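Reading through the structure tokens given below for one structure.
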Amino acid sequence: QVQLVESGGGLVQAGGSLRLSCTASGSFSNINVMDWYRQAPGKQRELVARITSSGGTKYADSVKGRFTISRDNAGNTGFLQMDSLKPEDTALYLCNAEAAVLGFSYSYWGQGTQVTVSS
């Protein structure tokens, strides 16, 4: 079982930066994939960024060049560096991890951290 806890959200002005963290704890072999999603009122949940255990990354077109996803050496903590923030980035940001438990891969969600960007 895996518990994910996000942190780092807050209120920032347009053009500012935030760094989100997602820390995994529990019993698991490894985290294969760590994703950041965001959910804004009235909008569909959006995959913002993804990082694999091999270090490969993908980004939504809306955040390319502004956001950077990374993870620590152990792979248990993920980060999302957000620069040049825009009001449209305002959302609840959720961490999702695909972790191997007893030889099977499961998807886990954190509670989310709120990011609000003022104009």
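The values are calculated or read from the model by the stated rules, or taken from the named source; none is laboratory data. Please read all numbers here as calculations on a predicted model, not as lab measurements. Every residue, glycine as well, gets a Cβ built from its backbone with ideal geometry; the counts of neighbours run over all protein chains shown. In case anyone asks, the SASA skips ligands and DNA or RNA and just uses the protein heavy atoms, side chains included. Shrake-Rupley method; radii C 1.70, N 1.55, O 1.52, S 1.80 Å.
Given the structure, is V5 open to solvent by 20 Å² or more (accessible area, probe 1.4 Å) and in contact (Cβ under 8 Å) with a residue 40 or more places away in the chain? Answer is yes for this residue. Selection within region 9-29: residues that are touching a residue at least 60 places away in the same chain (Cβ under 8 Å) and either in contact with a helix residue (DSSP H, G or I) (Cβ under 8 Å, 6 or more places away or on another chain) or open to solvent by less than 30 Å² (accessible area, probe 1.4 Å) (or both). The member of this set that is nearest to Y108 (Cα to Cα) is A24. Scanning region 104-119 for residues that are polar (S, T, N, Q), more than 13 Å from the chain's Cα centre (by Cα) and surrounded by 14 or more Cβ atoms within 10 Å (Cβ to Cβ) returns S105, T116.
Applying the set (1) farther than 19 Å from V12 by Cα; (2) assigned to a strand (DSSP E or B) to F79 leaves exactly one unmet item: (1).
Looking only at residues in region 82-103 that are within 13 Å of L47 (Cβ to Cβ) and open to solvent by less than 10 Å² (accessible area, probe 1.4 Å), the one that is farthest from the chain's Cα centre (by Cα) is A91. Among the residues making up region 66-80, a single one is open to solvent by 60 Å² or more (accessible area, probe 1.4 Å) and either touching a Lys or Arg at 6+ places or on another chain (Cβ under 7 Å) or not polar (S, T, N, Q) (or both): A74.
One residue is enough: does region 49-65 have a residue meeting the conditions part of a strand (DSSP E or B), open to solvent by 30 Å² or more (accessible area, probe 1.4 Å) and touching a residue at least 24 places away in the same chain (Cβ under 8 Å)? Among the residues of region 49-65, not one is part of a strand (DSSP E or B), open to solvent by 30 Å² or more (accessible area, probe 1.4 Å) and touching a residue at least 24 places away in the same chain (Cβ under 8 Å), which makes the answer no.
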